[in-house]
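The values are calculated or read from the model by the stated rules, or taken from the named source; none is laboratory data. Note that the coordinates shown come from a computational prediction; the quantities given were computed from them, not determined experimentally.
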């Protein structure tokens with residue numbers, strides 16, 4: 001839930017508490033006892049509104065906590081992913097450099113072998 005929903009629920013709770021206090025004061029002025037005030041329909045309705053607001057605020061707090069935990073988990077995952085990628089890139093560079101070195105060596109061998117083959121052909125042709 002977004003912050004505006006939280007603000008609205010807080011405002012509803014404040015309003016219900018204010019109205020509840022005003023209703024209780026009004027009923028006390030009338031001379032009703034606490035038992036009768038607790039049974040009053042308007043008082044019970046206002047108490048229910050306060051309870052609803054409390055439950056909503058608790059749910060919003062849980063949702064915010066869950067969002068925070070999720071954001072931290074994502075950040076940790078990205079951080080560990082970047083480290084792993086960097087390590088794999090370094091390993092890949094080492095492998096590529098190693099392969100290049102092997103290719104160059106093998107190419108050098110083939111060139112020298114090619115010269116020997118040409119020389120052998122030349123000598124065999126001159127001998128015949």
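Observations on the model:
- Test: residue in the range 34-45 that is at pLDDT 90 or above and outside any helix (DSSP H, G or I): yes
- The range 1-33 - residue that is outside any helix (DSSP H, G or I) and under 33 Å from the mean Cα position of the chain (by Cα) and, of those, modelled with the lowest pLDDT: 1
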